[in-house]
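Peer 1: I am attaching a structure below and will ask some questions about it afterwards.
The values are calculated or read from the model by the stated rules, or taken from the named source; none is laboratory data. Everything numeric here is computed off the predicted structure, so don't read it as measured data. Here the Cβ positions follow ideal geometry from the backbone for every residue, glycine too, while neighbour counts run over all protein chains shown. With ligands, DNA and RNA removed, areas are computed over all heavy atoms of the protein, side chains included. Shrake-Rupley method; radii C 1.70, N 1.55, O 1.52, S 1.80 Å.
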Amino acid sequence: MIGVDVAGIAERLGVAADSATAIPQLAAETGLDVDAAYAVQTALLQRRLDRGERLVGLKMGLTSKAKMAQMAVDEVIWGRLTDVMRVPDGGAVDVADFIHPRVEPEVAFLLDRLPDPGEPVGAFADAVRAVAPAIELIDSRYANFSFSLPDVVADNTSAAAFVVGPWSPAPDGLDNLGVLLEIDGRVAQVGSTAAILGDPRRALDEGIRLAGRHGVRMHSGWVFLAGAATAAVPLRPGAHVRAVVEKLGTASLRASS
């Protein structure tokens, strides 16, 4: 991380997001590696906190083979969620606020207590107050939605907005639930929660471990997005998006022009 301008890179990414203007990839130019990229992500978060946003949870990225293939990377990553990023279920987003937004169906956890790092997946069911279907809106700040692993980590894993559907108690199994992503009433993607590291609960375990390596511990009441069950789909003006997760229900959003 020696010689990397963490604050300067965070500022460039923050301005790109605020102005919905794509920028070139930064890692090759700046010597950014993954550890430095997480430092940039932290600085980028602080930039948001300084203007009044609140940290409300974490999210995983690249937890499915489909996402890894789509983004041409091969390592699970994590990012932050703030209150301003949350869109009410059924609410609207303005596509003009983003550069090239895409949507993907997810599973969300509502934490009731902090699981211990390394706590077996089957043992921390009581740490999860509820689960819900969710939609994440991702929007890379890089031109052509193209990036290296350090680039996407620095860019807060392309996080832009998220929707959480109705919360409900966790069913006995989360490891192979059917998932649909519908656009304007038509099925755009079909998947399974098995695509999320084999079981979304494993994503929670992995998130605790990875975030903990960077000194971040999750809190009761936080939202945790486990990762996408399918490849992402571009969000077009006027589109109605619905994620359907077997046994959990639906989450939706609308896109204005």
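Peer 1: Just one of ARG209, ARG213 is open to solvent by 40 Å² or more (accessible area, probe 1.4 Å), over 17 Å from the mean Cα position of the chain (by Cα) and under 27 Å from GLN41 (Cβ atoms); which is it?
Peer 2: Sole residue among the options that is open to solvent by 40 Å² or more (accessible area, probe 1.4 Å), over 17 Å from the mean Cα position of the chain (by Cα) and under 27 Å from GLN41 (Cβ atoms): ARG213.
Peer 1: When ARG12 is evaluated against the numbered criteria (1) modelled with pLDDT under 95; (2) open to solvent by 40 Å² or more (accessible area, probe 1.4 Å); (3) more than 19 Å from the chain's Cα centre (by Cα); (4) at negative phi, which criterion, by number, is the only one it fails?
Peer 2: In the conditions (1) modelled with pLDDT under 95; (2) open to solvent by 40 Å² or more (accessible area, probe 1.4 Å); (3) more than 19 Å from the chain's Cα centre (by Cα); (4) at negative phi, ARG12 misses (1) alone.
Peer 1: Yes or no: VAL245 in contact (Cβ under 8 Å) with a residue 12 or more places away in the chain and either open to solvent by 10 Å² or more (accessible area, probe 1.4 Å) or under 24 Å from LEU45 (Cβ atoms) (or both)?
Peer 2: Criteria not met by VAL245.
Peer 1: Restricting to the range 143-181, name every residue that is more than 24 Å from LEU81 (Cα to Cα) and modelled with pLDDT of 95 or more.
Peer 2: The answer is LEU177, GLY178.
Peer 1: Which of the following residues is touching a Ser or Thr at 6+ places or on another chain (Cβ under 8 Å), within 11 Å of VAL107 (Cβ to Cβ) and crowded, with 18+ Cβ neighbours inside 10 Å: ALA251, ALA229?
Peer 2: Answer to the check: ALA229.
Peer 1: Return only the number of the condition from (1) aliphatic (A, V, I, L, M); (2) modelled with pLDDT of 95 or more; (3) open to solvent by less than 20 Å² (accessible area, probe 1.4 Å) that ILE77 does not satisfy.
Peer 2: (2)
Peer 1: What is the residue count in the range 21-33 for residues that are within 17 Å of SER158 (Cβ to Cβ) and either in contact with a His (Cβ under 9 Å, 6 or more places away or on another chain) or crowded, with 16+ Cβ neighbours inside 10 Å (or both)?
Peer 2: Total satisfying the criteria: 6.
Peer 1: Residues that are in contact with a His (Cβ under 9 Å, 6 or more places away or on another chain): which strands (runs of 3 or more DSSP E) entirely in the range 172-257 hold 3 or more of them? Break it down into steps so the answer makes sense when it comes.
Peer 2: Values: elements: 178-183, 186-192, 223-228, 240-245, 249-256.
Correct list: 249-256.
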